[in-house]
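Take a look at the structure set out below.
The values are calculated or read from the model by the stated rules, or taken from the named source; none is laboratory data. Given the structure is predicted, the values throughout are model-derived calculations rather than measurements. A quick note on method: Cβ atoms are made from the backbone with ideal geometry, for glycine too, and the neighbour counts reach across all protein chains shown.
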Amino acid sequence: MKVRIFLFLFLSLLIFYAQLQARVAVFSAAIELRQPNDSLPEKGTKKKWPVRIAESFINRHAASEIYDSLYCGKWTYEQGMMLEALHQMWLFNHDAKYLTYIKTNVDMFIGGDGSIRTYNYEDFNLENINTGRQLLFLYSLNKNKKYKAAADTLMKQLKNQPRTKSGFFSDKKNCPSKLSLEGLYMYKPFYAQYSRMFRQNKNFNDIARQFILIKEKTLDTKTGLLQNAWDENLQTGGADTITAKAPGFSARAMGSYAMALIDVLDYFPKNHPKRKELVKILRELSEALLKARDENSLWYEAVGQGVQNDSYLEASSNYMIAYAFAKGANKEYLERKYLKFAKETFIGVAGKFASVDEMGRIDFHKAGGGTALKELGTFLLAAIELEKAEMLRKEDDLFPVKSKITKF
């Protein structure tokens, strides 16, 4: 009798183990089929630039902790920028370490019930939306309900976000009348991705209207550039009292707008009546930005002013624009010539702010008083798009070798 019971239990365990192995194999195969496999270079060959940039970051940020940030240990946009770059790396070459890094970092903030550590719904701060893109990414892979619950919370914020009189999202509760270019990247891609994933197609009308509205309100008809912001109540510091436009052209603001626009197009319905208009806006802004570059193929923060009036060369804004140019060309929204322009900017900024240490790790140095973390995220995103077009393969001597190691 005991022998029969033992055999029964033993066979049951074998069957359970076989079923478990089969499920693991199916899940692994499903993951493998989600994106084409772009293998890493074999040993003895030089790694691609995006791989070198990403691995340098992971090497310095063990245990998936992102610490070099103004908002260290908090759920915020800088974290989201870097994780999105690593997400694109995973899509680029399917290396599991990028997926592991993203999941481990996100899980530090997400409770089993979907609560988000350090996030305060009542702040209505749009900067807290950006990292939500990784919640949607992880949910698409494993359908874990905690990621969906957390993403639902962020979407609830957007649904109840204070708006200006014209219907534009206010960046924060204390900015009731300001329309800001820079804030669009913080939430628009998540807004579009969530709407596409959960078939809330009516949201795309709102998304398109806000892109178009702020373009109309901030457009400088002489240059085609977009001014920093627009205030319905003329309360923006230094705003023109006639037009309500914040004076000057910010490379970071226009770079953020361009990034938001091109990422949103990934999810925007192809048959939507406003899609063509959004692509047209991208083309017109890209053309205007191209004309505003300096002789070194770069943009100072105060576009068109060079080093005058305390303007400075800010790396992240240049990489935002380079990313938009390169991805726009790869997606055929822009002409192929924009890949060349993106490469010129990529190399120009890298030559000023990046270097390779003796261990082969890429260092990225702070510029313009900003944090190097968000600069690194845009650096990696631009590198990935250029690598897709095989624009970086001959740039083995892109950066000088330095022995000093600078954390980024």
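Scanning region 72-124 for residues that are within 25 Å of E182 (Cβ to Cβ), among the charged types (D, E, K, R) and part of a helix (DSSP H, G or I) yields E78, E84, E122, D123.
Checking each residue in region 310-341 for being free of Cβ contacts under 8 Å to residues at least 60 places away in the same chain and either touching an Asp or Glu at 6+ places or on another chain (Cβ under 7 Å) or farther than 23 Å from R283 by Cα (or both) picks out D310, S311, Y312, L313, N330.
Looking only at residues of region 349-408 that are modelled with pLDDT under 65 and aliphatic (A, V, I, L, M), we find that the one that is farthest from H94 (Cα to Cα) is A367. Scanning for something modelled with pLDDT of 90 or more and surrounded by 14 or more Cβ atoms within 10 Å (Cβ to Cβ), does region 65-73 turn up at least one residue? No, there is no match, as no residue in region 65-73 is modelled with pLDDT of 90 or more and surrounded by 14 or more Cβ atoms within 10 Å (Cβ to Cβ). Taking the criterion of being farther than 19 Å from S170 by Cα and of a type in the set (S, T, N, Q), the residues of region 215-231 that qualify are T221, T223.
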